[in-house]
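Beneath this line is the structure, given in structure tokens, with notes to follow.
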Amino acid sequence: MDQSEPRAADQVIRGIALYREFLDLPAQQEVLQALRRVIAAAPLFHPQTQRGKQMTVRMTSAGKFGWVSDRRGYRYEPCHPAGMPWPPIPPAILRIWNALSGSDRQPESCLVNFYGEGARMGLHQDRDEKDMGAPVVSLSLGDEGLFRVGNLERGGPTQSVWLHSGDVLVMGGAARLTYHGIDRIRFGSSRLTPRGGRINVTLRVVT
DNA sequence: CAGTAACG
DNA sequence: AAAG
């Protein structure tokens, strides 16, 4: 249906649009509550990389496909490693996509990454999707995280920015394949997550 | 297969 | 090599 013109980004970092505090506190709480139901249906798991190293984040997914990683590689699967189908993407999360993606398509995958104390994610590209035409939309909830932005290939200078609860990133166009990662979490810095931790929710078209 | 260096 |  008709949408108002999307709000302008607060900052653009190498083509990645940052919308600071796109969700206010009540909206963050609504999404968090929905994520608790997602995690109840599809528990967080601790993936391994292709080379057998355990990642420090725990993750799960919602939607038609979820991202999984093990020695067989990175890929999207229709079911959780424990066998159950992924639950549907909560409407409160779909609204963010519809407000900011600029895409006609709906997201097929909603990856939920939980960063506990000391968790990080190395520089990587989101390149496991067959269709890279739609952007990746990324919501931060809970503790602050230091986001690092690299280049379209490995190497070269990088830039970092602290992300806060409610911030949304849109990685589209030429920036869709930019290397990025999370260097550090300020554990316990947010009041949204009383027991600490950062949650990142990423929406993608996969097929 | 694992360990190390270096990357950022 | 490396969502390490």
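Failed condition for residue A:71, given (1) buried (at least 16 other Cβ atoms within 10 Å of the Cβ); (2) over 25 Å from residue A:194 (Cα atoms); (3) charged (D, E, K, R), with all others met?
The failed condition is (1).
Residues checked against (1) modelled with pLDDT of 95 or more; (2) closer than 23 Å to residue A:197 by Cα:
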residue	(1), (2)
A:79	yes, no
A:86	yes, yes
A:110	yes, yes
A:114	yes, yes
A:146	no, yes
A:151	no, no
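Condition first: over 18 Å from residue A:114 (Cβ atoms) and in a loop (DSSP other than H, G, I, E, B). Now tell me which residues in region A:152-194 satisfy that.
A:152, A:153, A:154, A:155, A:156, A:157, A:158, A:172, A:178, A:179
Would you confirm whether or not region A:36-46 contains a residue that is part of a loop (DSSP other than H, G, I, E, B) and either farther than 28 Å from residue A:178 by Cα or within 16 Å of DNA strand B (Cβ to nearest atom) (or both)?
So in region A:36-46, the residues part of a loop (DSSP other than H, G, I, E, B) come out as A:42-44, A:46.
Right, trim to either farther than 28 Å from residue A:178 by Cα or within 16 Å of DNA strand B (Cβ to nearest atom) (or both) and you get A:42-43.
Yes, region A:36-46 contains at least one residue that is part of a loop (DSSP other than H, G, I, E, B) and either farther than 28 Å from residue A:178 by Cα or within 16 Å of DNA strand B (Cβ to nearest atom) (or both).
Being outside any loop (DSSP other than H, G, I, E, B) and either surrounded by 15 or more Cβ atoms within 10 Å (Cβ to Cβ) or within 14 Å of DNA strand C (Cβ to nearest atom) (or both) narrows it down to one of A:201, A:206, so name that one.
Numbers: A:206 fails: outside any loop (DSSP other than H, G, I, E, B).
None of the other options fit; the residue is A:201.
Tell me which residues, restricted to region A:48-81, are in contact with a Lys or Arg (Cβ under 9 Å, 6 or more places away or on another chain), away from DNA strand B (no atom under 16 Å from the Cβ) and either within 24 Å of residue A:183 (Cα to Cα) or without any contact (Cβ under 8 Å) to a residue 40 or more places away in the chain (or both).
Across region A:48-81, the qualifying residues are A:67, A:68, A:78.
Name every residue in region A:55-73 that is within 11 Å of residue A:109 (Cα to Cα) and outside any strand (DSSP E or B), in order of residue number.
If the condition is that a residue be within 11 Å of residue A:109 (Cα to Cα) and outside any strand (DSSP E or B), then A:64, A:65 are the ones that fit.
Residues being open to solvent by 60 Å² or more (accessible area, probe 1.4 Å) and touching a strand residue (DSSP E or B) at 6+ places or on another chain (Cβ under 7 Å): count how many of those fall in region A:79-116.
3
Which one of these is at pLDDT below 95 and either of a type in the set (A, V, I, L, M, F, W, C) or more than 16 Å from DNA strand C (Cβ to nearest atom) (or both): A:92, A:174?
That would be A:174, the only listed residue that is at pLDDT below 95 and either of a type in the set (A, V, I, L, M, F, W, C) or more than 16 Å from DNA strand C (Cβ to nearest atom) (or both).
Here is a list: A:155, A:150. Which entry is within 10 Å of DNA strand C (Cβ to nearest atom) and over 15 Å from the mean Cα position of the chain (by Cα)?
Of the residues listed, the single one that is within 10 Å of DNA strand C (Cβ to nearest atom) and over 15 Å from the mean Cα position of the chain (by Cα) is A:155.
For region A:152-174, state whether one or more residues are over 19 Å from residue A:48 (Cα atoms), within 16 Å of DNA strand B (Cβ to nearest atom) and surrounded by 22 or more Cβ atoms within 10 Å (Cβ to Cβ).
No; the residues of region A:152-174 include none that is over 19 Å from residue A:48 (Cα atoms), within 16 Å of DNA strand B (Cβ to nearest atom) and surrounded by 22 or more Cβ atoms within 10 Å (Cβ to Cβ).
Could you list, ordered by first residue, the pairs with Cβ atoms under 7 Å in which the first is in region A:109-130 and within 11 Å of DNA strand B (Cβ to nearest atom) and the second is among the charged types (D, E, K, R) and part of a strand (DSSP E or B), at least 6 apart or interchain?
A:120/A:183; A:120/A:184; A:123/A:148
Residue A:136 passes all but one of (1) within 16 Å of DNA strand B (Cβ to nearest atom); (2) closer than 13 Å to residue A:16 by Cα; (3) crowded, with 16+ Cβ neighbours inside 10 Å; which number fails?
Result: residue A:136 fails condition (1) only.
The values are calculated or read from the model by the stated rules, or taken from the named source; none is laboratory data. Since we're looking at a predicted model, the values are computed, not measured. Note: ideal-geometry Cβ built from the backbone for every residue, glycine included; neighbour counts use all protein chains shown. Side chains are part of the model used for accessible areas, which takes the heavy atoms of the whole protein and leaves out ligands, DNA and RNA. Shrake-Rupley method; radii C 1.70, N 1.55, O 1.52, S 1.80 Å.
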